[in-house]
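Worksheet for the structure shown next.
Every read-out reported here was derived from the displayed coordinates using simple, explicitly stated rules and does not represent laboratory data. Quantities reported herein were computed from a predicted structural model and do not represent experimental measurements. Here the Cβ is made from the backbone with ideal geometry for all residues, glycine too, and neighbour counts use every protein chain on show.
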Amino acid sequence: MTIRNFRLLLTASLVVGVLGGGVDFAFPSLVPEVFRHAQEANDAAMSTQKIFFLATSFVVLLAMLLPCLYGLYMLRPWAPRLALLVTLLTTFGVVASGTYAQSGLAIAASYLASYLWGAVLVLACGTPFSTRFQRNDG
């Protein structure tokens with residue numbers, strides 16, 4: 001794996017994830033009306049404390065994700081550990097957020113983005129590519 005290919009994989013995971021997250025907002029007709037109404041009812045029933053927790057979690061994770069992506073792209077030695085932490089915290093956040101309605105296209109893009117991110121993590125944390133994240137003081 002070359003550095004260029006690693007960076008391409010990282011960029012692809014980000015782009016596909018953003019597109020997958022936004023496709024249902026851009027094309028709401030992809031989600032059947034019954035599901036949209038159920039999602040709206042679920043959102044309306046959510047407590048203020050849960051909304052505050054999820055919003056705070058989202059802001060914290062976004063604030064952690066930006067330096068994580070930069071660190072991985074620039075092959076900083078701290079980036080793989082931060083990427084693992086962000087992934088773990090995001091997993092807990094997704095579980096805490098509960099159910100939500102998505103179109104098939106959004107789900108497929110989400111899966112693909114997750115697979116690409118998993119490949120980035122495996123490369124960043126596993127040998128031999130992880131040696132490129134070593135501090136180079138010379």
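Details
- Any hit, segment 102-117, residues being touching a Phe, Trp or Tyr at 6+ places or on another chain (Cβ under 9 Å), under 30 Å from residue 32 (Cβ atoms) and not in a helix (DSSP H, G or I): yes
- Residues satisfying the stated conditions in segment 63-102, i.e. over 16 Å from the mean Cα position of the chain (by Cα), in contact (Cβ under 8 Å) with a residue 40 or more places away in the chain and over 19 Å from residue 20 (Cβ atoms): 75, 76, 77
- Hits in segment 46-57 (condition: exposed (fewer than 11 other Cβ atoms within 10 Å of the Cβ) and more than 18 Å from the chain's Cα centre (by Cα)): 47, 48, 49, 52
- Filter pass, residue 119 being farther than 26 Å from residue 3 by Cβ and touching a residue at least 24 places away in the same chain (Cβ under 8 Å): no
- Filter result for residue 60 (within 14 Å of the chain's Cα centre (by Cα), exposed (fewer than 10 other Cβ atoms within 10 Å of the Cβ) and in a helix (DSSP H, G or I)): no
- Per the listing 81, 76, the residue uniquely of a type in the set (Lys, Arg), assigned to a helix (DSSP H, G or I) and either touching an Asp or Glu at 6+ places or on another chain (Cβ under 8 Å) or under 29 Å from residue 128 (Cα atoms) (or both) is 81.
- Restricting the first member to segment 103-116 and to residues that are within 14 Å of residue 30 (Cα to Cα), and the second to residues that are in a helix (DSSP H, G or I) and basic (Lys, Arg), no beta-carbon pair is closer than 7 Å while six or more apart or on different chains.
- Complete set of residues in segment 1-45 that are loosely packed, with under 13 Cβ neighbours inside 10 Å and not in a helix (DSSP H, G or I): 1, 2, 27, 32, 45
- Flag if residue 51 is in contact (Cβ under 8 Å) with a residue 60 or more places away in the chain, over 21 Å from residue 111 (Cβ atoms) and among the hydrophobic types (A, V, I, L, M, F, W, C): no
- Some residue of segment 47-63 being closer than 20 Å to residue 121 by Cβ, out of contact with any Leu (no Cβ under 9 Å at 6 or more places or on another chain) and among the hydrophobic types (A, V, I, L, M, F, W, C): yes
- Condition check for residue 95: surrounded by 13 or more Cβ atoms within 10 Å (Cβ to Cβ), among the β-branched types (Val, Ile, Thr) and in a helix (DSSP H, G or I): no
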